[in-house]
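Before any comments, here is the structure.
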Amino acid sequence: MLKGRHLIDPQDFSIKELESIFDLTERIIESPEDYNSICHGKILSTLFYEPSTRTRFSFEAAMLRLGGSIIGFSEPGSSSVAKGESLADTLRTVGAYADIIAMRHPKEGAPRLGTEYCPVPLINGGDGGHQHPTQTITDLFTILQAKGRLEKLVIGLCGDLKFGRTVHSLIKAMSRYEDIEFLLISPKELQVPDYIRQEILIGKGIPFREVERLEEVIGELDVLYMTRVQKERFFNEADYIRLKDSYILDRDKLLIAPEDLVILHPLPRVNEISPEVDDDPRAWYFRQVKNGMYVRMALILKLLGVK
């Protein structure tokens with residue numbers, strides 16, 4: 001069903017196709033030893049045009065745990081890109097060596113353009129502030145794992161909602177499920193882009209509210225998705241100082257949070273979640289990280305058609 005396909009946007013796959021990935025992910029988690037040589041002889045190439053830790057490592061760990069091999073680069077200066085090679089030529093060349101490619105690129109739309117030239121399945125590992133589909137599929141799987149459902153949820157998105165590609169991807173993906181409500185928690189300077197508000201939230205009639213303080217709504221949430229608020233995004237330091245502590249999740253804020261809240265974060269974390277929260281059973285972000293590897297294992301198998 002998914003063999004030979006590209007993944008550029010989470011909505012490239014139907015809900016049924018996502019469910020098949022979730023089911024395979026569960027089987028891998030339950031019996032990882034059954035999959036440790038299933039990709040022997042297969043090669044994954046990771047083409048990362050901007051820095052990454054979790055995404056690149058999780059793709060590489062996924063392929064290695066499946067018994068496959070990896071090639072690629074972690075920054076373009078170490079490749080022929082530094083000599084001026086075009087994206088099209090890089091993908092044509094690497095596609096001659098590898099069976100599947102995971103690519104991160106700073107320019108929005110670059111992976112979509114790349115599918116016109118790539119002879120093997122291409123996975124978008126993040127493009128600018130646009131999409132991050134494998135992170136989103138990981139987020140969906142983790143929510144399903146924690147809550148047992150992907151419908152009838154109140155989801156709080158907190159922090160930098162303007163530039164955060166993980167936030168944009170998650171809103172788009174969750175908009176396909178029934179009875180979803182979003183509480184958008186950010187300073188006015190970092191609210192969701194207008195196209196997300198108009199095309200997705202208003203366009204699809206999805207209930208949402210925009211607030212500036214986490215404390216106002218944390219008691220209403222099923223899921224809290226934290227992101228970084230960066231000082232350099234503000235027009236003046238006074239506004240940043242006024243609001244910055246509102247976006248630090250600590251034990252005091254969790255006192256008014258539901259007992260079954262699920263706290264997620266795409267990472268890396270700076271100071272927006274206090275380390276004291278890490279031992280709280282509601283903190284799912286490190287389980288979310290490990291799930292990312294298992295989800296990518298399932299995705300590689302599906303796109304390669306390996307059974």
Span from the the stretch 102-142 Cα centroid across to the the stretch 18-69 one, whole angstrom: 16 Å
Descending Cα extents along the principal axes, the stretch 134-288, whole Å: 40, 38, 28
Theoretical gain in end-to-end length, TYR195 to SER69 [0.36 nm per residue, Cα-Cα removed]: 41.4 nm
Over the chain, relative contact order from alpha-carbon pairs under 8 Å, at least 6 apart, %: 20 percent
Hits among aspartates and glutamates - C-alpha to C-alpha of LYS204 under 13 Å, sequence gap 8 or more where chains match: GLU178, ASP179, GLU181
Estimated dipole of the chain in Debye, rounded to 20 [Cβ of Lys and Arg +1, of Asp and Glu -1, Cα centre]: 920 debye
When the chain is reduced to its Cα atoms, the Kirkwood hydrodynamic radius in Å: 20.0 Å
Extended-chain gain in nm, criterion 0.36 nm per residue less alpha-carbon gap, ASP179 and ARG209: 9.3 nm
Listed residues LEU2, TYR225, THR138: farthest to the positive end of the dipole of the chain (Cβ charges): LEU2
Options PRO258, ILE29, LEU47, ranked by Cα towards positive dipole end of the chain, top entry (Cβ charges): LEU47
The stretch 134-288: relative contact order as a whole-number percent, Cα under 8 Å and 6+ apart: 25 percent
Net length gained if the chain between GLU108 and VAL270 were fully extended (0.36 nm per residue, minus Cα distance): 55.8 nm
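No lab work stands behind these numbers, since they all come straight from the coordinates. None of these values were measured; they are calculated from a predicted model. No Cβ is skipped: glycine too gets one built from the backbone with ideal geometry, and neighbour counts run over all protein chains shown.
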